[in-house]
1. Within a 10 angstrom radius of the beta carbon, how do A:CYS359, B:CYS50, A:CYS50 rank from fewest other beta carbons to most?
2. In terms of modelled amide H atoms, which long-range or inter-chain residues lie less than 5 Å from the amide H of B:SER8?
3. Grab the other residues whose beta carbon is less than 10 angstrom from that of A:GLY53, score K and R as +1, D and E as -1, and report the net.
4. Karplus couplings for region A:284-295 from phi (6.51 cos²θ - 1.76 cosθ + 1.60, θ = phi - 60°), rounded to Hz, Gly and Pro as x?
5. With Cβ to Cβ distances under 14 Å as the rule, what net charge do the other residues near A:LYS313 carry (K, R +1; D, E -1)?
6. For region A:329-430, which chymotrypsin sites (Phe, Trp or Tyr not before Pro) pass both filters: DSSP loop (anything but H, G, I, E, B) and at most 16 other C-beta atoms within 10 Å?
7. Could you pull out the pairs from B:LYS107/B:LYS147; A:LYS300/A:LYS541; A:LYS134/A:LYS540; A:LYS99/A:LYS357; A:LYS134/A:LYS277; A:LYS277/A:LYS357 whose alpha carbons sit more than 21 Å apart here?
8. Gap in Å between the Cα centre of region A:338-367 and the Cα centre of region A:268-308?
Amino acid sequence: MSDRRPSIVERRPSSALSSRRPSIIPQLEGIEKPNTPNLPENMNVDVLICGTGLINSILAAALSWQGTSVLHIDSNPYYGDDSATLTIEQIKNWFIGSKFNKTGFKNYKNIHLYINDNDFNIVSKDYGIDLSPKILFPRSSLLDLLIKSRVYHYLEFQSLSNFHTFENNNLGKLNANKEDIFTSNEIDLNSKRKLMKFLKFISSPVIELPDNLPKDISIQNFLKKNFKLDDKLINEIIFTLGLINNPKIQLIDALNKIKRYILSFNIYGNFPTLYSKFGGPGEISQGFCRSAAVAGTIYKLNTKLKSYDFENKTAILNDGSNIKINERIISSLNQSINKPENCKFYEISRIIAIVDKSCNEWFQDGESSSIIIFPPNSLNSQNEYPVQCLIMGSETGCCPKGRSIWYLHTIAPTINDIAINDLNSALLKLEENYIRESTFNFNEFNDDDLNYYNNNKPILTESGSMKLSKSLLDFKFKFSNERINYLMKLSFTQLTNIDQLNPENINGYNKEILKTDNNIIIVNMPSSELSYDGIVEEAKKIYKEIVGDDSDFFNVDFEDEEEEIEISNELDAEIKAEVEEIINVDNNQTTQSNQQSEEFEMELES
Amino acid sequence: MSASNQTSIKLVLLGEAAVGKSSLVLRFVSNDFQENKEPTIGAAFLTQKCTVNDRTIKFEIWDTAGQERFANLAHLYYRNAQAALVVYDVTKPASFIKARHWMKELKEQSTKNITIALIGNKYDLIMDETSGEEIDGARKVSIEEGKQLADEEGAVFFETSAKTSYNVNEVFMNIAETILEKMDNAKPDENPVAQTQNNNRIDLTAPSQNNINDNGCAC
């Protein structure tokens with residue numbers, strides 16, 4: 001035996017193996033299931049949060065970075081609660097849970113699920129299905145918060161450019177970017193002038209309404225009287241660009257929503273909105289939960305609140321643990337043990353369909369999603385409220401190639417099946433239009449009718465939309481064997497405690513704080529707003545209720561600041577050249593289009 | 001996109017609480033070790049570059065942030081991870097059972113091409129510094145069993161000590177080499193790195209640098 005320490009090489013497992021004597025250590029093989037530890041005994045937290053939906057998750061992160069100790073639980077084995085992104089298997093469980101009104105699935109009704117597992121070999125985890133899909137505006141409180149909290153590090157964002165409006169049995173795309181308006185062949189000069197006047201009005205830093213405006217004038221009448229826009233354009237502006245789902249919205253709120261779209265261009269690029277890859281609110285919830293965990297929040301899924309003794313401030317969970325609550329309990333409505341006081345329920349109806357088509361025809365080149373809006377009275381069901389659709393293709397990371405997910409929703413009442421008729425009517429139109437677009441035989445047409453992209457892919461109009469050009473409108477749709485098959489179709493009505501039809505509830509939220517009789521704060525269910533607008537404000541409202549002030553909401557001095565700066569400097573140097581190249585190209589383009597627009601304005605003035 | 005010689009790799013840590021996951025990273029990233037380190041809070045992720053021949057791998061290392069404690073790691077954590085360290089403590093049998101569980105979990109949750117290293121940490125606790133021999137009875141998980149689990153799952157196996165830095169750099173170098181090798185041998189559409197890097201990805205921090213003429217409406 002020598003006293004020499006073994007060299008690194010000798011200490012490598014591979015060499016150690018051959019020289020070592022047989023192990024006397026008991027075999028661990030066969031012991032498969034590890035024990036999940038329990039929460040510590042006599043645990044004591046400032047705030048207990050039940051449900052890992054988006055608002056709750058933002059709250060968990062904000063509170064723990066502020067120094068509050070947080071225990072965050074969810075009755076389900078996944079993150080996201082009422083805004084989760086689910087696999088097909090999880091959708092099946094969700095369906096059963098909702099049917100039986102279990103904790104975690106309390107606010108759904110009229111649920112129907114169809115899954116075609118026989119014809120399609122569905123791999124459950126290839127799908128990410130959002131219970132309440134949302135898109136992100138570049139200038140929005142959530143985007144600011146994603147950056148400030150650094151949660152964007154955990155996520156990937158992609159662009160969404162195509163906003164289609166359904167009218168006269170067609171899908172059209174409005175060009176709301178100034179440059180596009182000038183080059184569009186579809187809008188006549190007179191309309192271009194009116195549209196430009198409106199865009200100028202809406203783009204001003206503060207919207208100034210004319211003095212002599214009739215009281216309570218609707219946005220529809222305002223656009224008609226003051227800008228002489230035609231009905232088709234008015235519908236596109238209000239419902240598609242504004243993403244307004246309540247036709248009774250107040251004028252100034254409507255204008256702000258339209259402005260939100262117009263001002264979104266050229267912030268991250270020539271597109272108005274973004275979405276998070278692999279899933280919407282469910283994915284972003286996970287990001288905020290991770291941030292909360294980094295700040296010290298303790299997570300335990302598959303766990304729910306069983307009872308709360310408000311006098312002694314003691315919570316009992318279903319895993320048997322006894323938690324002392326120093327301050328408050330916050331719970332989603334889905335996971336609450338009791339209903340809040342004076343709570344009424346309102347409805348949002350949704351259809352989620354997975355189809356065996358890529359739907360690339362509806363996406364802008366290089367993108368994988370689009371918005372399609374059915375304005376009021378555009379459907380056979382004579383819909384009073386618009387139907388909003390979000391189409392997600394395979395590059396969103398939410399479904400495999402050759403498939404897509406269609407999300408439709410409306411705030412129309414469910415009485416007399418109004419809502420479901422509107423949704424099904426819209427679904428049928430989507431089918432018809434898609435088949436017409438995708439089975440078009442371009443060889444049957446003259447070159448005059450077609451335009452070509454750079455890659456020689458033919459399109460029917462200048463704008464890149466699927467709308468038929470005038471000379472093709474006479475084309476009779478031939479019977480085709482092509483049809484759309486559904487892998488999954490889920491329809492349900494989601495309840496919310498805020499009246500979505502009341503125009504005062506902007507983004508489907510209000511200023512009130514809901515509480516149960518034992519003083520648990522209730523977080524509202526997702527609203528009908530298709531963007532993330534209103535979410536951060538909801539989180540701040542509750543944060544303020546607990547902390548007393550929201551001035552330090554995510555006012556964080558990150559521990560790893562130095563490290564990050566060092567890294568980003570390195571990164572800067574690397575991408576700077578690339579970015580500069582892109583900016584240069586952009587500048588050239590902008591200069592050109594500016595010239596173009598100046599010329600045009602001069603033309604108008606003369 | 002320029003043909004840079006640098007490849008970014010997302011590496012995730014897995015393993016029972018207190019097996020020394022963060023300590024391993026701390027040793028690798030800043031060649032430092034803290035006795036009685038508090039459970040992990042505070043760091044979202046750390047980065048460290050590693051040069052193999054003339055090529056650079058930039059590790060973006062994700063720590064569990066304590067979310068592993070009650071087996072509650074989010075999908076987001078595994079998403080697009082190209083490498084994983086599954087760590088156990090050579091003196092704690094329960095942590096090895098947990099490691100086996102994490103190996104399975106990785107199979108279900110992660111990308112197919114992921115490079116995995118199984119790590120038996122705290123090697124210093126079973127080694128007698130002066131004799132260079134193992135302290136009798138200190139080791140609770142045999143090398144053979146670790147090696148066997150690694151082989152079954154197609155992972156590489158190391159025993160390490162974050163405290164003495166034994167084998168720590170070797171782990172990361174081995175992963176870097178493996179990934180570069182996989183990249184070289186992959187067909188264009190199977191490239192483990194290119195697959196997860198998407199040119200439609202938008203950098204949310206870009207406008208703050210670019211938009212100087214922004215009119216400042218941040219409503």
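Taken together, the values in this text are just the output of simple stated rules run on the coordinates, not laboratory data. Bear in mind the structure is a predicted one, so any value in this text is a computation, not a measurement. A quick note on method: Cβ atoms are made from the backbone with ideal geometry, for glycine too, and the neighbour counts reach across all protein chains shown.
1. Numbers: A:CYS359 24, B:CYS50 17, A:CYS50 31.
The order, fewest Cβ neighbours first, is B:CYS50, A:CYS359, A:CYS50.
2. Excluding prolines and chain starts, which carry no amide H, the hits are B:LYS58.
3. Working: positive: none; negative: A:ASP74, A:ASP81, A:ASP82.
Net of charged neighbours comes to -3.
4. Each residue of region A:284-295 in turn: 5, 4, 4, x, 5, 5, 5, 4, 4, 5, 4, 7 Hz.
5. Values: positive: A:LYS324, A:ARG328; negative: A:ASP46, A:ASP309, A:GLU311, A:GLU327.
Local net charge: -2.
6. On the way: sites: A:PHE345, A:TYR346, A:TRP362, A:PHE363, A:TRP406, A:TYR407; in loops: A:PHE345, A:PHE363.
Here the chymotrypsin sites (Phe, Trp or Tyr not before Pro) that fit, given the DSSP loop and packing criteria, are A:PHE345.
7. Numbers: B:LYS107/B:LYS147 18 Å; A:LYS300/A:LYS541 25 Å; A:LYS134/A:LYS540 19 Å; A:LYS99/A:LYS357 30 Å; A:LYS134/A:LYS277 11 Å; A:LYS277/A:LYS357 19 Å.
Beyond 21 Å between Cα atoms: A:LYS300/A:LYS541; A:LYS99/A:LYS357.
8. 19 Å
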